[in-house]
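Below is one structure, written out as structure tokens; the observations come after it.
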């Protein structure tokens, strides 16, 4: 197998692993946001930034350790870079989600629309975050 194909396969495996770990982060995010929404009765609007801030703490720690160990197998201590990238992506994610919660275009229940908004924004931002993590945070310095 030539190096180019090996790198493509490695990237594909990293993308799949990153997606699975990202899925666990989305699940953590959904659970925390749904609990906070249920407790407060708030399912849309600017308050989502606060809810995302709270859930960010939990899923950023989870994502860092799992991605470092399984996705990018990095030995370097890059938590600050990872947290910085994740903080920017969490802000983008919460902004997109907040905007979506204002426009319930299918007129479904607030809870269902909130969950759709969280999942959609997480996928959209997650794809970009993978690229930044691969080539900036967990960059393989041996190449």
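No value in this document is a laboratory result; all are computed from the given coordinates. Bear in mind the structure is a predicted one, so any value in this text is a computation, not a measurement. As a convention, Cβ positions derive from the backbone with ideal geometry for all residues, glycine included, and neighbour counts pool all protein chains shown.
Please indicate, with yes or no, whether at least one residue in region 71-81 is assigned to a helix (DSSP H, G or I) and crowded, with 20+ Cβ neighbours inside 10 Å.
Yes - at least one qualifying residue is present in region 71-81.
Of all residues in region 90-103 being crowded, with 20+ Cβ neighbours inside 10 Å and touching a residue at least 40 places away in the same chain (Cβ under 8 Å), which is farthest from the chain's Cα centre (by Cα)?
Of everything passing the filter in region 90-103, 101 is farthest from the chain's Cα centre (by Cα).
Every residue in region 26-52 that is free of Cβ contacts under 8 Å to residues at least 40 places away in the same chain and under 15 Å from residue 126 (Cα atoms), please.
27, 28
With the requirement that a residue be surrounded by fewer than 19 Cβ atoms within 10 Å (Cβ to Cβ), farther than 17 Å from residue 91 by Cβ and either touching a strand residue (DSSP E or B) at 6+ places or on another chain (Cβ under 8 Å) or touching a residue at least 24 places away in the same chain (Cβ under 8 Å) (or both), what does region 111-129 give you?
111, 115, 119
Looking at region 38-47, is at least one residue part of a helix (DSSP H, G or I) and buried (at least 18 other Cβ atoms within 10 Å of the Cβ)?
No, the conditions are met nowhere in region 38-47.
Looking at (1) closer than 16 Å to residue 27 by Cα; (2) more than 16 Å from the chain's Cα centre (by Cα), which is the one condition that is false for residue 47?
(1)
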